[in-house]
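Report on the structure given below.
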Amino acid sequence: MSNDSRWWGDFNLVDEQLHQWSTGPRQFVMQKSQRELVIWDLGSSTESHDAVTHQLIQEHSIDDAKAIRIILPEDDSNIMIEPSVADRTMVVKPSRPLTLLSEQEVDVFIGTPLWFTVMHKKLDLPLIDQPLFRPSDTWFGNNTMEGAMCYARLSEAKSSSSDLLGLPTRAYTRLTLKNQQPLPIKVERLAVPMPELSVYVDDKGMFWTDSVLVSQSFENGVSRSKVESVQLSEANNTLVSEARVKSQKSSIISSFKSLIG
Amino acid sequence: MENSEALLSFVEKYRLVDFTQAFLILVVGFFLAKAVSNFVSRLPLGGMTAHGRTILRRVVFYIMIFIMLLSALRELGFDLSVLLGAAGILSVAIGFASQTSASNLISGLFLMIERPFSIGDVITADGTTGEVISIDLLSVKIRTFDNLFVRIPNESMIKQQVTTLTKFPIRRFDMKVGIAYKEDIERVRKIMMEVADLEPMCLTEPAPLFIVTGFGSSSVDLQFSVWAQKESFLALRNTMYEKTKKAFDEQGIEIPFPHLSLYAGSDSSAIKVEQIASDSK
């Protein structure tokens with residue numbers, strides 16, 4: 001069991017004890033019995049703004065149909081809970097489109113739901129990996145034939161970190177937008193490569209991810225977008241989970257007109 | 001000594017050496033053809049589908065078997081030029097007899113080149129919908145959703161329209177619904193958009209589409225189109241019907257069944273039809 005009130009980190013599951021992690025109506029309950037681990041996952045259709053808490057309980061009312069049973073490789077009671085970010089790119093739509101003038105740059109901040117990831121030291125893959133709030137699916141591509149399945153997020157895309165709500169169920173990302181084109185661009189949606197971002201917690205308990213730099217340039221008559229992640233400074237931040245995938249450095253993605261403008 | 005000579009003369013008389021050599025060529029050739037064809041099919045040939053590899057393996061195998069057969073026949077002393085002549089005549093006869101099979105074979109090659117669908121895709125062809133389980137030289141085999149096995153000749157596949165339902169990663173579901181004439185269309189649009197918005201499987205983009213398709217005889221006809229991943233298509237279809245019905249019930253939106261109003265003239269109101277008690281004596 002972790003020594004402080006954090007809901008993530010290493011946990012020691014004593015046999016037959018019921019452990020509950022919850023935020024509003026969203027719950028995860030776990031019970032270990034020798035090598036068998038049972039996890040109940042109760043979803044919610046609305047996003048909770050309550051802090052995630054961990055406690056021992058005597059009983060729960062979650063339907064057994066929502067349970068999964070896992071046989072662990074050995075009778076080891078230690079598991080790790082990691083707050084992760086989305087397992088797909090998040091297409092963020094600013095609630096009000098943003099116009100960026102030529103040769104200008106701006107920082108905007110977005111918040112995306114955290115994922116509840118349970119790991120066991122003997123296994124490479126997580127035991128469960130579920131969002132605290134499931135975002136809607138969306139398609140991102142030039143047409144309906146080619147593209148990628150992503151999550152959708154409507155965001156206020158605030159330009160100041162002090163305006164952020166700092167919700168405990170979200171991870172916040174700084175997006176630096178650079179317009180290196182001769183014309184202004186209208187930012188209607190942004191594809192943020194969430195799987196390439198690591199998650200940190202600052203000294204106030206707020207979750208952050210690595211920053212993302214998005215540059216829009218004009219080369220040989222073609223508009224090009226460049227997206228790269230920038231590691232967050234660990235001065236006041238503690239790493240809580242690594243990126244799901246290693247980023248492909250400076251990947252130039254094709255000129256999706258709809259990526260920016 | 002006499003026995004050895006008798007044995008040698010026996011072997012020479014019945015050409016046992018030749019037969020043995022021919023037999024060995026065939027046996028060794030068979031295993032060699034198997035090994036080479038398997039090796040060739042496993043080569044890293046970029047972009048080649050499983051179906052293509054199967055075809056390649058079979059072609060290599062049969063070519064090698066044919067070469068081994070010719071070698072064995074030559075070993076037995078057959079004049080191959082005579083055989084080639086006979087083969088020419090035979091091929092004409094076989095050609096006439098197997099027009100359909102040849103057409104299916106060539107159609108199969110074109111299907112392989114064009115690749116309108118692959119193994120695992122769900123297609124609709126000749127009125128049959130199912131999963132493609134194999135694409136063979138003469139026919140395509142489909143497993144329907146009620147687990148029936150359907151064989152469609154390749155010639156039919158080339159000649160008719162084939163719809164591949166799983167070609168693209170996302171698919172649109174068009175839900176047709178009718179609402180009572182008294183309902184506010186804009187209010188219904190908002191309710192349906194909210195249902196789509198709350199459903200995670202329903203894609204945010206492409207955005208759902210709300211269309212008034214016409215004024216029906218009993219209802220205002222609507223079409224509400226939503227997009228989903230092809231894997232979630234069936235689940236979304238069911239969910240949208242359920243959730244739309246539930247939302248309509250909660251909001252008091254009427255989905256009318258077909259009904260008829262009787263009027264005695266353009267100025268009259270609808271004639272009331274009611275059941276009265278019958279006096280039985």
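The values are calculated or read from the model by the stated rules, or taken from the named source; none is laboratory data. Because the structure is predicted, anything quoted here is derived from the model rather than measured. Cβ: placed from backbone, ideal geometry, glycine included. Neighbour counts: every protein chain shown.
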The stretch A:107-133, residues that are buried (at least 16 other Cβ atoms within 10 Å of the Cβ), of a type in the set (A, V, I, L, M, F, W, C) and more than 12 Å from chain B (Cβ to nearest Cβ) = A:108, A:109, A:110, A:114, A:115, A:116, A:118, A:119, A:127, A:128, A:132
query = Applying the selection to the stretch B:216-249, what residues are touching a Pro at 6+ places or on another chain (Cβ under 6 Å) and at pLDDT 95 or above?
reply = B:226, B:227
request  = Could you check residue B:44 against (1) assigned to a loop (DSSP other than H, G, I, E, B); (2) touching a Phe, Trp or Tyr at 6+ places or on another chain (Cβ under 8 Å) and say which number it fails?
outcome  = (2)
query = Quick one: how many residues across the stretch A:135-161 are modelled with pLDDT of 90 or more, charged (D, E, K, R) and buried (at least 17 other Cβ atoms within 10 Å of the Cβ)?
reply = 1
note = Looking across the stretch B:209-256 at residues that are within 14 Å of chain A (Cβ to nearest Cβ) and part of a strand (DSSP E or B), the single one that is farthest from residue B:174 (Cα to Cα) is B:229
key: Single match in B:130, B:77, B:95, B:88 (criterion: in contact with a helix residue (DSSP H, G or I) (Cβ under 9 Å, 6 or more places away or on another chain), farther than 18 Å from residue B:50 by Cα, outside any loop (DSSP other than H, G, I, E, B) and not hydroxyl-bearing (Ser, Thr, Tyr))   = B:95
ask   = How many residues are at the interface with chain B (Cβ under 10 Å from one of its Cβ atoms) and assigned to a loop (DSSP other than H, G, I, E, B) when one looks only at the stretch A:139-173?
value = 6
ask   = Do any residues in the stretch A:168-182 that are over 10 Å from residue A:214 (Cβ atoms) have Cβ atoms under 6 Å from those of residues that are among the acidic types (Asp, Glu) and surrounded by fewer than 19 Cβ atoms within 10 Å (Cβ to Cβ), where the two are at least six apart or on different chains, and which pairs are they?
value = A:174/A:107
Those residues of the stretch B:137-166 which are over 9 Å from the mean Cα position of the chain (by Cα), free of Cβ contacts under 8 Å to residues at least 24 places away in the same chain and buried (at least 16 other Cβ atoms within 10 Å of the Cβ), in sequence order = B:150
ask   = When only residues in the stretch B:169-208 that are part of a helix (DSSP H, G or I) and within 14 Å of another protein chain (Cβ to nearest Cβ) count, which is farthest from the chain's Cα centre (by Cα)?
value = B:194
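Any chance you could count how many residues in the stretch A:57-73 are loosely packed, with under 12 Cβ neighbours inside 10 Å and without any contact (Cβ under 8 Å) to a residue 40 or more places away in the chain?
As a first pass, look at the stretch A:57-73 and keep what is loosely packed, with under 12 Cβ neighbours inside 10 Å: A:58-59, A:61, A:63-65, A:68-69, A:71, A:73.
So of that shortlist, the ones also without any contact (Cβ under 8 Å) to a residue 40 or more places away in the chain come out as A:61, A:63-65, A:69, A:71.
Looking only at that region, the number is 6.
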task = Please determine, by comparing only the residues of the stretch A:35-56 that are outside any loop (DSSP other than H, G, I, E, B) and surrounded by 13 or more Cβ atoms within 10 Å (Cβ to Cβ), which one is farthest from the other protein chains (Cβ to nearest Cβ).
result = A:36
remark   = (1) more than 13 Å from chain B (Cβ to nearest Cβ); (2) within 15 Å of residue A:86 (Cα to Cα); (3) free of Cβ contacts under 8 Å to residues at least 40 places away in the same chain; (4) not acidic (Asp, Glu) all hold for residue A:136 apart from (1)
query = So which of B:198, B:209 is in contact with a strand residue (DSSP E or B) (Cβ under 9 Å, 6 or more places away or on another chain), surrounded by fewer than 17 Cβ atoms within 10 Å (Cβ to Cβ), modelled with pLDDT of 95 or more and over 17 Å from residue B:255 (Cβ atoms)?
reply = B:209
